[in-house]
1. Any chance you could count how many residues in region 227-239 are away from the ligand (no atom under 16 Å from the Cβ) and assigned to a loop (DSSP other than H, G, I, E, B)?
2. Could you check Thr331 against (1) in contact with a Ser or Thr (Cβ under 9 Å, 6 or more places away or on another chain); (2) in a loop (DSSP other than H, G, I, E, B); (3) away from the ligand (no atom under 16 Å from the Cβ) and say which number it fails?
3. Which members of region 245-267 meet the condition of being assigned to a strand (DSSP E or B) and aromatic (Phe, Trp, Tyr)?
4. Only residues in region 160-187 that are within 13 Å of the ligand (Cβ to nearest atom) count as the first member; pair them with residues that are assigned to a loop (DSSP other than H, G, I, E, B) and of a type in the set (D, E, K, R), Cβ under 8 angstrom, at least 6 apart or cross-chain, and list the lot.
5. Give the residue that is most open to solvent (accessible area, probe 1.4 Å), with candidates limited to residues of region 190-226 that are more than 9 Å from the ligand (Cβ to nearest atom), part of a loop (DSSP other than H, G, I, E, B) and small (Gly, Ala, Ser).
6. Does Gly155 satisfy the condition of being away from the ligand (no atom under 16 Å from the Cβ) and in a loop (DSSP other than H, G, I, E, B)?
7. Would you check which residues across region 173-189 are of a type in the set (S, T, N, Q) and crowded, with 18+ Cβ neighbours inside 10 Å and list them?
8. Considering only residues that are in contact (Cβ under 8 Å) with a residue 24 or more places away in the chain, of a type in the set (S, T, N, Q) and over 22 Å from Glu367 (Cα atoms), which ones fall in region 1-58?
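The values are calculated or read from the model by the stated rules, or taken from the named source; none is laboratory data. Values in this document were obtained by computation on a predicted structure and should not be read as measured data. So basically every Cβ, Gly included, is an ideal-geometry build from the backbone, and we count neighbours across all protein chains shown. In case anyone asks, the SASA skips ligands and DNA or RNA and just uses the protein heavy atoms, side chains included. Shrake-Rupley method; radii C 1.70, N 1.55, O 1.52, S 1.80 Å.
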Amino acid sequence: MARPTKALISSEAILHNYNLANKLTTNSKNIVIVKANAYGHDIKIVSKILAFKAPVFAVSSLEEAMIIRGIGIDTPILLLEGCFSQSELITASNYNIWVMLCSNHQVEWIIKTKLPRPIKVCLKVDTGMHRLGFLAYEVVNIIKKLKNTKNIQRGIIVASHFSSSDICNSETAKEQLKTFMNLKNELNQKHSDYFNIEYSLANSSAILNIKESHYEWNRIGYMLYGNSPLVSNKYSSRLKPVMTLQSAIISTREIDVGESVGYNSKWTAKRKTRIATVAIGYGDGYPRSAKSGTPTLVKGKIASIIGAVSMDMITIDVTDIKEAKINDVVTLWGSNLSVNTIARYSNTIGYDLLTRVSSRVPRFIKE
Ligand SMILES: *Cc1c(COP(=O)(O)O)cnc(C)c1O
């Protein structure tokens, strides 16, 4: 039998979360974000499940986009950071891949390059994240520059990204929304003749939390995978976690009071303790920073991690789960144990944990 470590991917949960997002955003279309191997869920699995539903996919590199094209899916794909070189533009244009324009050099490329066919572009606006994009006052000039090139399709999308939409009533998010709305009004009043401009602002937390930010296009990532970026939100409980990360017990033993477990004896028994060793570790992407006390599930009951997470194994306390034995399934996160909980115990966020599940862990579709 193979090593029992695996990630089960629920197609039913993906469809449920996608439909929920659509219900919350009846006037928008939702771009499905599958960057970073679909947040660790397997880009091929996820894009196949949504192939005839998603209007557009989005990724961070042409290589990721070509994985989707490689399995025969011809849905448009947006490159969230645009092209990294001029030659990538030609491939993008050949494969119906949309590009974000974030910097002047990318604008120059699109004007100068001889493209096989016009390409769809999004124009990134920096409304406060200060990572990528043009400032609002620069946008009109960029649009004027683009006006004369035959390289771009009509229907340019003006996009921006929130820095703190995961915080309820965030002042920063309100400021960004205001900047974006003002830009939209200005473009509508003075420059609507240039292109049929559409707008894109909301990510998952804004889909759940900031209705005024739902323009023609939203970008749905984390919530599609069934977890809420918000600590509390009325829709969060309706999301279904897509990934179940699981392994199994491969050894059990009893240790006495005062004995330690694992590297550097980080944990010492205060009672006679029954320990189960589980075949998963940081080599699989399980966080090494997970503290003693981090929950796992065995037979529906909580068994806490004790001692340090090793590369290939963890040790858990099954003293109170008498029936636990070798080969029993251990769930690291999934429907009854949120990845957000594990993230709290590991001092990080669920996004980080999901994207870190390593290529050594096989993904299987659970219908
Ligand atoms: C990753 C990403 C998103 C998705 O964010 P979630 O919080 O996962 O929904 C949206 N927009 C951009 C530009 C991104 O890079």
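1. 2
2. Only one criterion is unmet by Thr331, namely (2).
3. The initial filter retains those residues of region 245-267 that are assigned to a strand (DSSP E or B), namely 245-255, 260-261, 267.
Trp267, the sole residue that qualifies.
4. Taking only residues 6 or more apart or on different chains, the pairs are Ser160/Asp126; His161/Arg131.
5. Applying the filter and picking the extreme gives Ser192.
6. Details: away from the ligand (no atom under 16 Å from the Cβ): yes; in a loop (DSSP other than H, G, I, E, B): yes.
So Gly155 passes the test.
7. Pass one, region 173-189, residues of a type in the set (S, T, N, Q): 176, 179, 182, 185, 188-189.
Of everything in region 173-189, just one residue is of a type in the set (S, T, N, Q) and crowded, with 18+ Cβ neighbours inside 10 Å, namely Gln176.
8. Thr25, Asn27, Ser28, Asn30
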